[in-house]
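Take a look at the structure below.
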Amino acid sequence: MNKKKIKIEGTGVYFPKAITSEIIELKYGLPKGWSEKYSGVQNRHHVTHESIGFMGARAAEDALKASSVKLDDIDMLISAGGTYDYPLPNQSSLIKHHLTNGCDHDFPVIDIDCTCLSFVSGLDLASRMLDGETYKKILLVSSEIASKGLNPSNWETLTLFGDGAAAAVLSCEPTGTSSIIKAKHVNYSEGVFHSIIEGGGSVNYYDDKPFNKEFHSFKMDGKKLLRLAKTKLNLFVNSFFSNLDYTIEDIHIIIPHQASRIGMEMFNKMQPSIGAKVITTLAENGNCIAASIPMSLHYAIQHEKLKRGQTCFLIGTAAGFSIGALLFEY
């Protein structure tokens, strides 16, 4: 298989105010310790004044600084996320607007929304676009606000989700050793309604379905999602590595989407030989939708769990129901 010579030059993150599980439990009358026991989350972050665009811009600038790349060098910005500040304009335009001196540049911007898999899909798409000519460097940003779309009466989602942003500077380096080895994405439509926000779109527009917290908040059928994941995930992983010179045991670092405590435990049980290689940030940040995987990637790089020349496997599930993964050499 031909490797695409793409390098992750630098990563960055932005976190708003930290909110402990104890604070949420006191505010909403949950039993003490419920959040950590059932969602696996000790701490998450919630916005106070920040927008998705603001957080994305700060994470992007952090990534630019880490990679010693200037905004002048960027050829495209991709916003990869499942939430947005406004229905229009597109979210990538807003992130670019919030960048320091962003309005002085005219590079193109596009959005990718594959919910929790948006960063993985964005990295795959960017690697195909980076040709060393039209696109030499792409800024990939996942910025998410989950806290405003939660129903306080649903304790599972209330305690699970957090806000924040993560970004990466990607470049085409034909002579380098860093590369995208393989990406794969599948969709199982039988799970399309297992995760949903029913209100707000054209099917249930606000004029027809006035706002109420239950109808316009995120909801998921956790049991159905887990059953579908148990049926499909191992088959997907086996298929991913079937035509590679690698096995999953060969990979240095594995970064799954930080879906939930039960989801993480299920993944580890399915692949028991890789437990020590799995990066977990759920307890510290909660589920940050598409930003979870790049946040975990940033953590792995900063703590030298992932070093140059090593391989990293990103994998996750998303509403729809989709599974996606990407293997790269850092």
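The values are calculated or read from the model by the stated rules, or taken from the named source; none is laboratory data. Keep in mind that what you see is a predicted model, and the values were worked out from it rather than measured. Don't worry about glycine lacking a Cβ; one is built from the backbone with ideal geometry, like all the others, and counts go over all protein chains shown. These accessible areas exclude ligands, DNA and RNA; they are computed on the full protein's heavy atoms, side chains included. Shrake-Rupley method; radii C 1.70, N 1.55, O 1.52, S 1.80 Å.
Based on the mean of other Cβ atoms within 10 Å per residue, sort peptides 264-277, 91-104 so the most packed one is first.
Answer by packing, highest mean first, reads 91-104, 264-277.
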Shape descriptors of the range 2-54 over alpha-carbon atoms, Rg and Dmax in angstrom, are 17.4, 55
For the chain, the helices passing both cut-offs (Cα extent along own axis of 24 Å or more, Kyte-Doolittle mean at least -1.0, full DSSP H runs) are 222-241
Sorted by chain and then number, the residues having a modelled amide H within less than 5 Å of the amide H of LYS136, at least 5 places away or on another chain, are ASP75
Ranking GLY309, HIS49, ALA166 by how far each Cα lies towards the positive end of the charge dipole of the chain (+1 on Lys and Arg Cβ, -1 on Asp and Glu Cβ), the top one is GLY309
Sorting LEU123, THR11, LEU228 by the position of each Cα along the dipole of the chain (Lys, Arg +1; Asp, Glu -1; all at Cβ), the one nearest the positive end of that ordering is LEU228
Most packed first (mean Cβ within 10 Å per residue), the peptides 142-151, 170-179, 157-166 order as 157-166, 142-151, 170-179
Rounded to the nearest Å, the spacing of the alpha-carbon centers of the range 29-43 and the range 46-100 is 31
Given a 1.4 Å probe, the accessible area of the range 200-330 per residue, as a whole number of Å², is 45
If every Lys and Arg gets +1 and every Asp and Glu gets -1 at its Cβ, then about the Cα centre the range 233-330 yields a dipole, in debye to the nearest 20, of 160
Whole-Å distance linking the alpha carbon centroid of the range 230-282 with that of the range 154-216 is 20
Surpassing 22 Å at the alpha-carbon level, of the pairs LYS70/LYS148; LYS3/LYS137; LYS32/LYS277; LYS32/LYS224; LYS17/LYS209, are LYS70/LYS148; LYS32/LYS277; LYS32/LYS224; LYS17/LYS209
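How large is the dipole of the chain about the Cα centre if only Lys and Arg carry +1 and Asp and Glu carry -1, each at its Cβ, rounded to the nearest 20 debye?
Roughly 900 debye for the chain.
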In the chain the accessible area split gives carbon plus sulfur, as whole percent at 1.4 Å, a share of 52
In the chain the DSSP beta bridges are antiparallel at a rate, in percent to nearest 5, of 75
